[in-house]
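Coordinate-derived values only; no laboratory data. This one's a predicted model, so the numbers in the text were calculated from it and none came from an experiment. Quick reminder, even Gly has a Cβ in these numbers, built from the backbone with ideal geometry, and neighbours come from all protein chains shown.
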Amino acid sequence: MKLLEYKQRELQQISTEIQRLSQGNPRQQRKCARLKEDHEKLIQEIQKLQENRKKDEKRKNTKSCEKR
């Protein structure tokens, strides 16, 4: 859970930086392009973490039902 929250904060920071750099000079725009790649990777990581969390919750619910 903490990893997911950390990744979401990191994603927000990168998004903010992308917006700022996209209006800048050519060097800043190149940095912006690299950040966009990082942004996409982070989105994929977050999606995987969210999927894993859902799977874990389903497992917990199944186990709690079995105990009853």
What dipole magnitude, in Debye to the nearest 20, does the range 2-48 give about its Cα centre under +1 on Lys/Arg Cβ and -1 on Asp/Glu Cβ?
160 debye
Read-out semi-axes √(5λ) of the Cα gyration tensor in Å, candidates [x] 38, 9, 6; [y] 30, 12, 11; [z] 17, 14, 13; calculated match is [x]
Stretch residue 19-residue 57 to full length: gain in nm at 0.36 nm per residue minus the Cα-Cα span?
10.1 nm
If I build a Gaussian network model for the chain, linking alpha-carbon pairs within less than 10 angstrom, which residue out of 23, 50, 13 has the largest mean-square fluctuation?
23
If unit charges are put on Cβ atoms (+1 for Lys and Arg, -1 for Asp and Glu) and the dipole of the range 2-48 is taken about its Cα centre, the option from 43, 22, 6 lying farthest towards the positive end turns out to be 22
